[in-house]
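Engineer: To start, I am sharing the structure in question, which I have written as structure tokens.
The values are calculated or read from the model by the stated rules, or taken from the named source; none is laboratory data. All values derive from a computational prediction rather than experimental measurement. No Cβ is skipped: glycine too gets one built from the backbone with ideal geometry, and neighbour counts run over all protein chains shown. When the accessible area is computed, the model is the full protein with side chains, heavy atoms only, and any ligands, DNA or RNA have been set aside. Shrake-Rupley method; radii C 1.70, N 1.55, O 1.52, S 1.80 Å.
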Amino acid sequence: KSPPSFVAIYKIANLFKFYSDTISQVICSSPRKGKLQSTVGEVTTSLETTQQDEIEESQPSKQDQPDIVITLNLLHKEFMDLFFKLVQEQTEKLMASPPAYPQDLSVAVEVSDLVRRLAELLSMYNQSLSLSHVDDGSQLSSGKEAEFTPVLNAFIEPLLVTFKASASGLDRTDAGIYIINNIFAIQDIMTQYDFTASFVERLTMEIGDWMDHVVTEQSNEIWKRCGMHEKMKLLDEVDISSQQGMDPASLQAAFSKFYQSMFSMVMPEFDRLNNPRLRTTARNSTARSIAMGYVRLYNALSNPESGYSKEELERILVHAPEQVSKYILDA
């Protein structure tokens with residue numbers, strides 16, 4: 001027999017919470033509060049429970065609460081405990097055996113399925129009427145976020161661990177792209193809700209860190225293709241022209257390759273970023289990184305202490321930094 005769906009369990013738990021809060025609000029707001037409590041108590045005598053410790057944990061004060069509210073609170077807690085148990089079992093299974101990364105570096109089916117069910121929980125919670133009404137909208141948002149935080153924590157950290165483990169067999173650029181695609185899949189389902197703001201911010205920072213990583217890797221790859229990567233490590237030397245591989249002929253050959261590439265700077269790696277905005281950001285950031293690298297090269301070689309003559313520099317540095325920036329950023 002298959003275990004119950006944690007989405008269904010959460011829905012039932014939310015239902016108990018809704019009825020508990022609704023009954024409490026009706027009784028507290030009624031001018032016949034005492035009579036209502038007595039009537040509800042008589043109807044729900046059979047629902048009394050002896051598990052008072054658990055009730056007190058889930059409810060700060062049970063003073064003046066009818067038995068049915070106490071029972072509903074206990075049922076809510078028990079079903080939430082079951083919910084977290086089921087989620088933990090699935091996430092631990094996923095972390096123990098991370099799915100293989102797809103060839104296009106998109107989100108694996110197993111991860112996509114878990115993210116889809118998290119989206120159901122988000123929608124369900126957003127539509128829930130189980131929170132107490134307050135006048136201050138910021139208090140309502142803060143309360144909703146605090147209540148749902150344990151649910152998000154149960155998913156996000158295990159998922160991050162899972163796709164970072166799945167990416168372990170990839171090279172550094174592909175690993176970054178794969179992880180960005182997975183993080184974005186989680187972030188994308190949360191952006192429409194106010195109670196996920198802190199988590200959206202955290203994932204935005206995580207994506208930004210990995211974006212910096214892939215931009216650095218791609219920039220280094222472009223410099224390597226034109227034979228310039230190792231040369232850039234020598235720019236801080238006093239007499240650059242005397243360093244190995246920094247003679248005028250070698251530099252002229254490397255710059256010639258670079259100038260040819262900048263008119264059609266192809267970055268096919270970024271095509272596998274699922275989100276169009278992130279693809280554009282990655283390409284633009286890499287282009288800016290290359291343009292800044294060229295400025296550093298140009299200034300270092302043009303320095304009188306570099307050891308190159310004016311004639312040698314004219315043959316090596318064919319384009320000014322402003323021209324290169326325009327060509328690269330417009331490509």
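Engineer: Looking at the range 279-303, I want the residues that are within 28 Å of Ile207 (Cα to Cα) and open to solvent by 60 Å² or more (accessible area, probe 1.4 Å) and have a partner that is β-branched (Val, Ile, Thr) and assigned to a helix (DSSP H, G or I) with Cβ atoms under 9 Å, at least 6 apart or on another chain. Which pairs are those?
Structural biologist: Arg288/Val215; Arg288/Ile328
Engineer: Take the conditions in contact (Cβ under 8 Å) with a residue 60 or more places away in the chain, at negative phi and out of contact with any Cys (no Cβ under 6 Å at 6 or more places or on another chain) and apply them to Ser241. Does it pass?
Structural biologist: Criteria met by Ser241.
Engineer: Look at Phe84 and say whether it is open to solvent by 30 Å² or more (accessible area, probe 1.4 Å), in contact with a Pro (Cβ under 8 Å, 6 or more places away or on another chain), modelled with pLDDT of 55 or more and within 16 Å of Tyr10 (Cα to Cα).
Structural biologist: Yes: the conditions hold for Phe84.
Engineer: On to the next question. Of the residues Glu312, Glu322, only one is in a helix (DSSP H, G or I) and crowded, with 16+ Cβ neighbours inside 10 Å; which?
Structural biologist: So the residue among Glu312, Glu322 that is in a helix (DSSP H, G or I) and crowded, with 16+ Cβ neighbours inside 10 Å is Glu312.
Engineer: With the requirement that a residue be within 11 Å of the chain's Cα centre (by Cα), under 19 Å from Asp174 (Cα atoms), open to solvent by 50 Å² or more (accessible area, probe 1.4 Å) and of a type in the set (Asp, Glu), what does the range 190-215 give you?
Structural biologist: Result: Asp209, single match.
Engineer: Hey, can you tell me all the residues within the range 267-278 that are touching a helix residue (DSSP H, G or I) at 6+ places or on another chain (Cβ under 6 Å), in a helix (DSSP H, G or I) and either closer than 18 Å to His229 by Cβ or open to solvent by 40 Å² or more (accessible area, probe 1.4 Å) (or both)?
Structural biologist: Across the range 267-278, the qualifying residues are Glu269, Arg272.
Engineer: Let me ask something else. Would you call Tyr125 part of a helix (DSSP H, G or I), of a type in the set (Ser, Thr, Tyr) and at pLDDT 95 or above?
Structural biologist: Spelling it out, it is not the case that Tyr125 is part of a helix (DSSP H, G or I), of a type in the set (Ser, Thr, Tyr) and at pLDDT 95 or above.
Engineer: May I pose another question? If you check every pair at least six apart or on different chains, which have Cβ atoms under 9 Å apart with a residue in the range 166-188 that is farther than 14 Å from Ala282 by Cα first and a residue that is aromatic (Phe, Trp, Tyr) and not in a helix (DSSP H, G or I) second?
Structural biologist: Ser166/Tyr101; Ala167/Tyr101; Gly169/Tyr101; Leu170/Tyr101; Ala175/Tyr101
Engineer: Right, next: Test Leu203 against the stated conditions and say whether it is under 30 Å from Glu311 (Cβ atoms), modelled with pLDDT of 95 or more and in a helix (DSSP H, G or I).
Structural biologist: Here the answer is no, as Leu203 does not meet what is asked.
Engineer: For the range 239-266, which positions are of a type in the set (Lys, Arg) and open to solvent by less than 70 Å² (accessible area, probe 1.4 Å)?
Structural biologist: Matches in the range 239-266: none.
Engineer: Of Ala197, Ala282, Ala287, which residue is modelled with pLDDT under 95, under 29 Å from His319 (Cβ atoms), among the small types (Gly, Ala, Ser) and part of a helix (DSSP H, G or I)?
Structural biologist: Criteria check complete, one pass: Ala287.
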